Amino acid sequence: MAVTLTARAAGHVQRTIAKRGKGIGLRLGVKTTGCSGLAYKLEFADDAQEGDVRFESNGVQVLIDPKSLAYLDGTELDFVREGLNEGFKFHNPNEKDRCGCGESFNV
Amino acid sequence: MALLQISEPGASPDPHQRRLAVGIDLGTTNSLVAATRSGIIECLPDAEGHTLLPSVVHYGRHGAEAIGYPALARAADDPANTVISAKRFMGRGVADVAKYGALPYRFVDAPGMVSIETAAGVRSPVEVSAEILRALRLRAEETLGGGLFGAVITVPAYFDDAQRQATKDAARLAGIEVLRLLNEPTAAAIAYGLDNASQGTFAIFDLGGGTFDVSVLRLTNGVFEVLATSGDTALGGDDFDQAIAAHWRAVHGLADASGADTRRLLVAARRAKERLTDEASVEEPVLLSMGQQVVLGLTRQEFEAISAPLVQRTLGPARRALRDAGVLPASVDGVVLVGGATRMPHLQRAVAAFFGQEPLRDLDPEEVVAIGAAMQANALSGNRGGDADWLLLDVTPLSLGIETMGGLVEKVIPRNSTIPLARAQEFTTFKDGQTAMAIHVVQGERELVSDCRSLARFELRGIPPMVAGAARIQVTFQVDADGLLSVSARESTTGVTASIGVKPSYGLSDEQVAAMLREGFDHASGDRDARALAEQRVDAEHLLQALRGALQADGNLLAPAEREALEAAMQSLDQARVGKDHRAIKSAIAALNTTSEPFAARRMDRAVSRALTGRRLDEVPLK
């Protein structure tokens with residue numbers, strides 16, 4: 001069981017947390033919503049919550065609640081640049097299909 | 001797929017619910033756009049990495065041909081069609097513009113606002129600003145990966161109603177929903193988080209490329225009040241470049257430098273000025289037009305000596321602003337530096353000495369206004385999670401009132417009232433039997449109507465005839481969160497009312513804005529037609545190619561007459577294809593499709609029978 005960050009994603013997370021001035025890491029999760037059923041949650045983590053599963057990847061603490069982990073196991077989080085746009089991308093092996101916009105997905 | 005950003009804890013947006021909101025600093029010299037990404041607010045760069053967009057539009061025969069740096073590059077060879085600093089003309093008439101001295105533009109006194117005749121036709125400052133805003137909108141949408149929910153756009157604190165309205169009109173033309181217009185000094189204060197204090201007095205010292213503003217703000221209970229503004233519309237960082245160039249001309253005997261050399265000197269001077277912020281002395285090689293190469297040196301001491309008079313000139317308005325606000329330098333709780341020119345160390349020393357404290361300069365002074373606007377935009381669009389009700393109140397910049405007998409102004413809303421607000425005042429008739437009342441809305445601090453800016457006029461009719469002073473007419477002024485005004489009048493006994501959404505005399509009427517929008521739509525339909533044409537041409541090409549191939553392979557299926565008819569239809573499509581009418585191509589395609597249907601059917605039969613001939617049924621692939 002693991003969720004990982006690419007070096008680029010980890011670097012960006014570390015820089016943003018440093019600029020933000022607080023945070024112990026990154027919280028990933030899924031919530032049930034959106035046109036394809038599930039949506040990713042990507043948030044700063046200020047504190048750990050009970051039951052959180054923790055990973056460390058490229059120096060970044062990743063916190064995931066156990067329910068979400070079932071959908072996220074094996075995911076690699078990448079940070080990419082597409083033209084002027086830049087942001088995070090989930091490479092999730094559990095994902096079967098997603099809505100056209102890519103903001104929600106299904107397993 | 002959409003790229004994701006990190007949200008604050010508990011504030012992950014639902015899919016398709018992301019509200020992209022930006023802050024825009026629409027500056028006289030340069031403009032910027034800032035947004036929140038992964039919790040961090042930053043100015044968005046273009047593809048070349050520039051965050052600044054010079055507020056310059058170059059017009060050619062087909063409209064705005066260049067915006068920003070490429071437009072700026074045209075300023076020298078085509079000044080009349082390169083509009084710089086359009087912000088100074090926003091909401092202004094010809095008489096207002098005259099005071100800026102000689103400008104290379106052909107001004108036209110269009111109804112409402114001065115306009116500029118360009119190669120693309122007459123353009124109002126609103127349209128020029130809209131081009132700049134549109135460029136920033138596109139940059140933001142490309143960077144953030146989606147359509148904008150809205151923007152907070154900053155305006156100088158001293159902008160009156162007409163200028164604010166003009167700014168809003170420009171945003172509307174650019175397809176931007178204005179969440180709020182925000183005073184520039186207030187935005188700078190927000191960027192430094194000064195609004196987190198419960199109260200305080202702050203000075204905002206803004207030395208831009210060509211303008212200087214100093215504002216004194218007071219914060220009480222989360223409301224910023226502009227106590228005073230002062231400045232110099234003809235003082236900016238460019239004057240420091242001029243001073244260096246003049247120094248070099250004197251020292252190196254370049255007195256009769258040509259026009260091109262003057263520009264080269266100014267470019268080198270600007271570079272020298274910027275480098276001297278970090279270096280003690282610099283040398284700038286300049287190739288003059290005569291082919292002569294000179295190396296122009298400058299030390300920081302020299303620069304400080306030659307520009308000392310300019311630095312001194314900033315202190316006069318600063319003193320005046322403090323005096324108008326009734327504030328002593330010592331009771332200022334914070335000084336914020338805004339504008340690229342405030343990076344100069346000797347200017348910072350002068351400001352520190354004047355206010356008796358180190359100014360705030362952690363943020364990039366060029367970006368601070370856009371950043372404050374983006375913070376406000378993020379809050380207004382509801383992206384801040386926990387403390388989502390963080391709303392900043394603003395104040396009216398100038399008093400609003402109506403004309404009373406004798407050309408006097410009766411103030412209904414005093415300046416620095418927090419907005420949004422509504423305030424009513426009762427007036428009465430002046431003559432016996434008076435059945436109508438003219439209401440003239442004015443803006444300004446002066447007592448005489450002739451000294452104030454006229455905003456609107458309307459009439460209340462149907463007042464029952466009464467003796468003078470008996471009628472009671474309630475006039476209500478309402479100012480929305482953007483500082484824009486609507487006025488209504490109501491006679492209490494009969495209930496007759498009249499009202500007006502104030503169209504500032506220099507602002508644009510709805511019809512004018514509608515006409516401009518329509519013009520935009522006209523272009524849109526032109527664009528759409530061009531696209532349709534291209535698509536139909538491609539379709540035609542495909543069809544013709546397919547048929548030519550089919551004729552070659554199975555042409556013997558057709559009787560000579562049939563073949564002739566088909567070739568004629570192909571011919572006519574081929575002709576329509578080179579034309580410009582996408583509908584004609586479409587109908588020719590349809591016609592050819594109909595003509596070729598029997599041929600296609602016969603080809604199908606032949607293919608099927610070929611596939612079946614000499615085979616047993618169980619050998620035939622059924623799918």
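Values quoted throughout were computed directly from the atomic coordinates according to the rules given, and no laboratory measurement underlies them. Please read these numbers as outputs of a predicted model, since none were measured by experiment. Positions of Cβ are backbone-derived with ideal geometry, glycine not excepted, and every protein chain shown enters the neighbour counts.
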Neighbour-count ranking [beta-carbon atoms within 10 angstrom, fewest first] of B:Thr220, B:Thr435, B:Thr143: B:Thr220, B:Thr435, B:Thr143
The range B:396-508: equivalent-ellipsoid semi-axes (sqrt of 5 x gyration tensor eigenvalues, Cα, Å): 24, 15, 12
Qualifying aspartates and glutamates (Cα of each under 15 Å from Cα of B:Lys411; at least 8 residues distant if same chain): B:Glu403, B:Glu426, B:Glu445, B:Glu447, B:Asp451
B:Ala119 versus B:Arg271: modelled label distance in nm, points set 7 Å from Cα along the beta carbon direction: 2.8
Longest segment of chain A lacking trypsin sites (Lys or Arg not before Pro) that sit in a DSSP loop with at most 11 other Cβ atoms within 10 Å: A:23-95
Amide proton proximity set for B:Met90, modelled H, under 5 Å, gap of 5+: none
Label-point separation, B:Asn221 to B:Ala568 (7 Å along Cα→Cβ), nm: 8.7
In Hz, Karplus ³J(HN,Hα) per residue of the range B:425-440 (6.51, -1.76, 1.60; θ = phi - 60°; x = Gly, Pro): 9, 9, 10, 9, 7, 9, 10, 4, x, 5, 10, 9, 9, 8, 10, 10
Over the protein assembly as shown: Rg over Rh, Cα atoms, Kirkwood Rh: 1.08
At R0 = 22 Å, FRET efficiency that the Cβ-Cβ distance of B:Arg446 and B:Phe107 yields, to 0.05: 0.20
Residues B:Asp206, B:Asp109, B:Asp232 arranged by fewest to most Cβ contacts within 10 Å: B:Asp109, B:Asp232, B:Asp206
Shielding by partners - mean other protein chain Cβ count within 10 Å, residues of B:44-51: 1
Relative contact order for chain B, counting Cα pairs under 8 Å that sit 6 or more residues apart, in percent: 12
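I need B:Lys580, B:Lys411 ordered by Cβ neighbour count within 10 Å, fewest first.
B:Lys580, B:Lys411
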Per-selection Rg to Rh, the range A:4-96 - Cα, Kirkwood hydrodynamic radius: 0.95
Helix-derived mean residue ellipticity, 222 nm - over the protein assembly as shown, DSSP H n ≥ 4, -39500 (n - 2.57), to 500: -11500 deg cm²/dmol
Hz values of 3J(HN,Hα) by residue in the range B:226-242 - Karplus curve (6.51, -1.76, 1.60), Gly and Pro given as x: 8, 6, 6, 10, 8, x, 8, 6, 10, 9, x, x, 4, 5, 5, 4, 4
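Rounded to the nearest 0.05, what FRET efficiency do B:Ile40 and B:Glu459 give with R0 = 51 Å and r taken as the Cβ-Cβ distance? Could you check? If you can, show how the numbers build up before the last one.
Values: r = 54 Å, r/R0 = 1.06.
So, using R0 = 51 Å, E works out to roughly 0.40.
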Other-chain or far-sequence residues with amide H under 5 Å of B:Ile439's (modelled H): B:Phe458, B:Glu459, B:Leu460
For chain B, the fraction of alpha-carbon pairs in successive 10 Å shells from zero, as %: 3, 13, 19, 20, 15, 10, 7, 6, 4, 2, 0, 0
Binned Cα-Cα distance frequencies in the range B:206-262 - 10 Å width, integer %: 20, 29, 23, 13, 10, 4
Cross-link pairs A:Lys31/A:Lys96; B:Lys87/B:Lys168; A:Lys31/A:Lys89; A:Lys41/A:Lys67; A:Lys41/A:Lys89; A:Lys67/A:Lys89 - those with Cα-Cα distance over 19 Å: A:Lys67/A:Lys89
The range A:4-96, relative contact order in percent, only Cα pairs under 8 angstrom and at least six apart counted: 30
Positive minus negative residues near A:Asp52 (Lys, Arg vs Asp, Glu; Cβ under 10 Å): -1
B:Val608-A:Lys31 FRET efficiency (beta carbon distance; Förster radius 45 Å; 0.05 resolution): 0.25
Rg and Dmax of the range B:198-361, Cα atoms only, in Å: 18.3, 64
Within the range B:553-587: backbone nitrogen closer than 13 Å to the B:Glu535 label point (7 Å, Cα to C-beta): B:582-583, B:586
Cα gyration tensor of the range B:173-224 - equivalent ellipsoid semi-axes, whole Å, descending: 22, 18, 8
Additional length obtainable on full extension of the chain from B:Ala73 to B:Thr418, 0.36 nm per residue less Cα span: 119.9 nm
B:Gly297 long-range amide H proximity, modeled H, under 5 Å: B:Glu284
Phi-based couplings in Hz for the range A:56-70 (Karplus 6.51, -1.76, 1.60; Gly and Pro marked x): 10, 9, 6, x, 10, 6, 10, 10, 9, 6, x, 5, 5, 4, 4
